[in-house]
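Notes follow the structure.
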Amino acid sequence: MTREDLLKRIAIDPAVCFGKACVRGTRIWVALVLDLLATGSTEDEILREYQQLSREDIRACLMYAADTTRGRYFEVPAEGSR
C-alpha cells in the first residue's frame, strides 16, 4: 500500500472530534492509536478493542505521524469527500 493510499484512511473534519485527525469513518483519533502503540499495545490488541479498525488503519496512523514529524503538509480530504 502506498503512502497516498494510507493517508486516504485519515480524515480531518472540523465538525468531527474538534478537527483532530481520525481514522476515516470513525471517531477514533490518530493520537489514540499512537498512544496505544507507544504504551505497548500490539496491533492485535488494538484490533480486538476497536473492531472497526484494520491493520491498514493502524499503519495509516503511523504514516500520518511520520509525515507530520517531518514537517510535511498534505491535503486530507474531509469526511464524505472520497
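Counted residue by residue at 0.36 nm each, then reduced by the alpha carbon distance between them, the extension gain from residue 67 to residue 20 reaches 15.4 nm. Treating each Cα of the chain as one equal point scatterer and applying the Debye formula with no solvent, the log10 of I(q)/I(0) at q = 0.16, 0.18, 0.22, 0.23 Å⁻¹ comes out as -0.56, -0.71, -1.06, -1.15.
When each of the peptides 53-63, 8-18 is scored by the mean number of other C-beta atoms lying within 10 Å of its residues, the order from highest to lowest reads 53-63, 8-18. Taking 0.36 nm per residue of separation and subtracting the current Cα-Cα distance, fully stretching the chain between residue 51 and residue 39 would add 2.4 nm. Each Cα pair under 8 Å and six or more residues apart adds its sequence gap; the mean of these over the residue count of the chain is a relative contact order of 37 percent. Is it possible to state the helix-based mean residue ellipticity at 222 nm for the chain, with each DSSP H run of 4+ residues giving -39500 (n - 2.57), the sum divided by total residues, to the nearest 500 deg cm²/dmol? What is it? Computed ellipticity for the chain at 222 nm equals -12500 deg cm²/dmol.
Values quoted throughout were computed directly from the atomic coordinates according to the rules given, and no laboratory measurement underlies them. Owing to the predicted nature of the structure, the values given are computational and were not obtained by experimental measurement. Counting neighbours? That spans all protein chains shown, and the Cβs are built from the backbone with ideal geometry, glycine included.
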